[in-house]
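Input: a single structure, listed below in structure tokens.
The values are calculated or read from the model by the stated rules, or taken from the named source; none is laboratory data. Given the structure is predicted, the values throughout are model-derived calculations rather than measurements. So basically every Cβ, Gly included, is an ideal-geometry build from the backbone, and we count neighbours across all protein chains shown. Ligands, DNA and RNA are excluded from the accessible area calculation, which covers all protein heavy atoms including side chains. Shrake-Rupley method; radii C 1.70, N 1.55, O 1.52, S 1.80 Å.
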Amino acid sequence: MKKSVFLGTVAATTVLASVAMAQEGATLAQVMERDELNCGVNTGLVGFAAPDANGNWTGFDVAYCRALAAAVLGDPEKVSFVPTTGQTRFTALSSGEVDVLARNSTWTYSRDTDLALDFVGVNYYDGQGFMVNRELGVTSAKELDGATICIQTGTTTELNLADYFRANQMDYTPVNIDSNAEGEQQYMAGACDAYTTDASGLAATRAAFADPESHIILPEIISKEPLGPAVRHGDNNWGDIARWTLNALIAAEEYGVTSRNIEELVRSSTNPEVQRLLGTTDELGAMMGLDAEWARRAILANGNYGEIFAANIGEQTPIGLARGLNAQWTQGGLLYAQPFR
Amino acid sequence: MTDVPAPAHAPFRLSMLVNDQRYRSLTFQVIVFILVMAGAWWLVDNTIRNLALMGKSFDFGFLWSRAGYDISQTPIPYTADDTHLRASVVGLLNTLIVAVLGCIAATVLGVIVGVSRLSKSWLFARLMTVFVEIFRNMPLLLWILIVYAIFTEIMPPPNAYRGDDPAASMIFFDHVALTNRYTAIPTLAMTNDPGSLDLGARITFNWATIAFVVALVGGWFIRRAILSHAQAVQDRTGDRPVTWWKNLAIMTVPSLILIWVFGLHFEAPSLQGFNFTGGLNVSNSLVALWLALTLYTAAFIAEIVRAGILSVSRGQSEAAFALGLRPNRTMNLVILPQALRVIIPPLISQYLNLTKNSSLAIAVGYMDLRGTLGGTTLNQTGRELEAIVLMMLTYLVLSLIISSGMNIFNARVKLKER
């Protein structure tokens, strides 16, 4: 009897605890108290989130986690990275295992509403593509009728793939895999003719191959995949912090604030928007429960959006992605940070 | 306990609920029951309220919405336009396929290994011991992954079968192709297709299949009638009529006629485009899962069979040998029937284990119930609680069915005491 009451209490408290988290301001308080940010990332996608030989996580999504940790906790190293698969990521977020999910997840209607997530913005505008071995002689996705295709389960790409092949009256056999690493292994072994995921993911995967040249990414992009960090519904304060950290990184690039000139700009900038961003006037940080220098620390952690892009996935890296849609709105891209005022 | 005569009509006091032996156990049972119920109510209430706080409801409406994803192995017709419910049923059927195949193969292999462990050949018996210990003592998941990895890495891709001088060639007279995706095997094709019986919901049975089932089941009953007639004649006259050619004819002639009528033949798979078509592609994930489940469970069944055989007294086999029975007839007619009484109860547990273990299928991308309802559907709809509850209930019902079916079988073979 004692045991069952005890177990019941434990189970009930667990359920209660998960609710406490969704309450206003609770996530920030928890992160502060823990003095560490739990950030859900990919299990390993070079360029976006992957541990290096020393176990240090690096990548485009990882940089966002570090910027957020720097803004909230003052130290970009105070992040605990939780690797999640396509299947476990949203459960990890809604159960409170992670405070924020930065795992190249697509912002979709049902995830925003039905899954009770809040996407705080888009950090990479992507689209789904196909990669095939050059030897196969395929030059277009329209030639993939009857092919076997490796696909990560529980992703939007799985649904897009089904829709695309139906729309083009083609057949395919799916090989369901759980993570990018597994997909890579199956693809390399020839267990599938084509591997499909977001084009950025394909580029990152291909960059890790011994002979990237012998694999081609087909020209068709079959979907819109706006990727961005997500938080739980219900804690709007935490959502604001996550959203404006991302905006700070994007705005910093627009205004020419980099990790190198930031100290100087704090002292000398005459641009009122830069002054507000860097906390020299107006105290924007206090409105979200942070100090005035939150954005300064976020930018200092890994640099602004452009610096992060260039260091992790840009054209100078093995992954070699062009800015394309991800250029600033002033450069013909889609990046457009809401004004800091 | 000494008998203390109680007063005939002692007035009932509340303290008697605890102090009086007659009421005490009942009192505590009532208290425990109330506490357990309160605990359960607390849990359910909390869950519902917290789901509401998170903006989620508890309803199974998602089962009727469009699934949107494809499944590689579909025992019943299924497309991405079907509902999540149908996808779940496809997953359940895939679970059943691997469970049934696994139970059959594990039983056959387990009995062979279990009997062989008691073999007089020292080397053979030791080899079987090694088999049992290796498979019993390593996690099943590793076996599944190892078998799958072997298939993926060693077999050639379908590409290798292409061209005038292919790197790989088909086996069994160009009828079977082993690839790193699937094993392409021939299917049965008919020149005179009688059409199909539509059961609704796009589930069809070919009339030819039904005809064969009727012929075989009917044949089996006729065979029983012939045998009992023969027995009756033997009991009456002492001469047993020759029945073997009748039995053979009953079991084969109708089938042969059906084969000829329908023009049944093998259709070999051929490489068209990226993959083999025309035959049946048995995916490696199914084979790997099936093989690993079989080997793993067979090791346990072998031990059960060995224990069962050892439980039959030595005197039984000595008596059988004294009557002049050969060893394998002794095993089949004397030892195994008695051993079955010990073997079957633990065997039920192994069947249940195998069925539940099949949910490890997700490791190799085999879309079973866990992969469809508990995987993609759960993930796309975000209905974790509903999907998990539904999955738990399904596995529970499945296990109870297997268990009760096997218990009925057990009741038939166990020692009948009259």
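Springs between Cα atoms under 10 Å define the GNM used for chain A, and in it the highest mean-square fluctuation of A:145, A:240, A:99 occurs at A:145. Of the cross-linked pairs B:120/B:416; A:224/B:56; A:142/B:56, those separated by over 31 Å at the C-alpha level are B:120/B:416; A:142/B:56.
Across the stretch B:179-189, coupling constants 3J(HN,Hα) worked out from phi with the 6.51/-1.76/1.60 Karplus curve, θ = phi - 60°, read 10, 7, 10, 7, 9, 8, 10, x, 10, 7, 10 Hz, and Gly and Pro carry x.
What does the C-alpha gyration tensor say about the overall shape of chain B? Classify as rounded when a/c is under 1.5, otherwise prolate if a/b is larger than b/c, or oblate.
Judged from the Cα gyration tensor, chain B comes out oblate (a/c at least 1.5, b/c at or above a/b).
Taking the Cα centroid of the stretch A:92-145 and of the stretch B:397-418, what is the distance between the two, rounded to the nearest whole Å? So the separation of the two Cα centres works out to 50 Å. Of all the options A:25, A:239, A:303, the one that moves most in a Gaussian network model of chain A with Cα springs shorter than 10 angstrom is A:25. When chain B is treated as a GNM, springs tying every alpha-carbon pair under 10 Å, which of B:146, B:226, B:401 comes out with the largest mean-square fluctuation? Most flexible of the set in this elastic network: B:226. Give me the percent of accessible area attributable to carbon and sulfur for the stretch A:239-331, probe 1.4 angstrom. Roughly 49 percent, rounded to a whole number.
Between the residues A:88, B:257, A:101, the greatest Cα displacement towards the positive end of the dipole of the protein assembly as shown, with unit charges on the Cβ of Lys, Arg, Asp and Glu, is found for B:257. Ranking A:312, A:284, A:272 by Cα position along the charge dipole of the stretch A:236-341, where only Lys, Arg, Asp and Glu carry charges on their C-beta atoms, puts A:312 farthest toward the positive end. A Förster distance of 41 Å, applied to the separation of the beta-carbon atoms of residue B:228 and residue B:190, puts the FRET efficiency at 0.70.
The residues of the stretch B:380-397 occluded by other protein chains by 40 Å² or more of accessible area, set against the chain on its own, are B:380, B:384; surface from heavy atoms, 1.4 Å probe.
Excluding ligands, DNA and RNA and using a 1.4 Å probe, chains A and B jointly bury around 3700 Å² of accessible surface, summed across both partners. Dipole size of the stretch A:239-331 about its Cα centre, with +1 on Lys/Arg Cβ and -1 on Asp/Glu Cβ: approximately 160 debye, rounded to the nearest 20. Shielding by partners for peptide A:191-204, expressed as the average number of C-beta atoms from other protein chains within 10 Å of each residue's C-beta, is 2. Our helix-only sum for the protein assembly as shown, with -39,500 (n - 2.57) per DSSP H run of n ≥ 4 divided by its residues, gives a mean residue ellipticity at 222 nm of -16500 deg cm²/dmol. The GluC sites (Glu not before Pro) of the stretch B:354-418 that meet both conditions, a loop assignment by DSSP and at most 11 other Cβ atoms within 10 Å of the site Cβ, are B:417. Summing Cβ point charges (Lys, Arg +1; Asp, Glu -1) relative to the Cα centre of chain B gives a dipole of roughly 1620 debye.
Of all DSSP beta bridges confined to the protein assembly as shown, the antiparallel ones make up roughly 70%.
Residue B:293 sits among other residues whose Cβ lies under 15 Å from its own Cβ, and their net charge, with Lys and Arg +1 and Asp and Glu -1, is +2.
For the protein assembly as shown, the Cβ-based charge dipole about the Cα centre amounts to some 4460 debye (Lys, Arg positive; Asp, Glu negative; other atoms uncharged). Taking the average, over residues, of other Cβ atoms within 10 Å as the packing measure, peptides B:125-136, A:260-271, B:352-363, A:216-227 rank B:352-363, A:216-227, B:125-136, A:260-271 from highest down.
Placing R0 at 30 angstrom, the Cβ-Cβ distance between residue B:129 and residue B:266 gives a FRET efficiency of 0.15 after rounding to 0.05.
Taking R0 as 41 Å, what FRET efficiency do you get between residue B:15 and residue B:48 from their Cβ-Cβ distance, rounded to the nearest 0.05? Once the sixth-power term is evaluated, E becomes 0.55.
Got a sec? What order do B:178, B:295 fall in by accessible area at 1.4 Å, biggest, i.e. largest, first?
Correct descending sequence by accessible area is B:178, B:295.
Simple spin-label estimate for residue A:168 and residue A:224 gives 2.1 nm between the two label positions (7 Å along the Cα-to-Cβ direction from each Cα).
Measuring with a 1.4 angstrom probe and ignoring ligands and nucleic acids, residue B:31 comes out at about 70 Å² accessible. Cysteines in the protein assembly as shown lacking any other cysteine Cβ under 4.7 Å from their own Cβ: B:103. Hydrophobic long helices, here whole DSSP H runs in chain A with Kyte-Doolittle means of at least -1.0 and Cα atoms spread over 27 Å or more along the helix axis, are found at A:2-22. Using the 1.4 Å probe convention, the accessible area of the protein assembly as shown works out to 49 Å² per residue with neighbouring protein chains retained. Near residue A:66, once Lys and Arg are set to +1 and Asp and Glu to -1 for all other residues with Cβ below 13 Å from its Cβ, the sum equals -3.
Consider a paramagnetic label point 7 Å from the Cα of residue A:29 along Cα→Cβ; state which residues of the stretch B:35-55 have an amide N under 19 Å from it. From the stretch B:35-55, the list is B:50, B:53-54.
Spin-label pair residue B:282-residue B:154: with each label point 7 Å from Cα along the Cα-Cβ axis, the two points sit 1.6 nm from one another. Could you point to the residue in B:137, B:213, B:52 farthest towards the positive end of the protein assembly as shown's charge dipole, with +1 and -1 charges on the Cβ of Lys/Arg and Asp/Glu respectively? Final value for the positive-end residue is B:213. Give the shape of the stretch B:201-260 as rounded, prolate or oblate, defined through the alpha-carbon gyration tensor: a ≥ b ≥ c are the square roots of its eigenvalues, a/c under 1.5 means rounded, and otherwise the shape is prolate if a/b is larger than b/c and oblate if not. Note, shape of the stretch B:201-260 comes out oblate.
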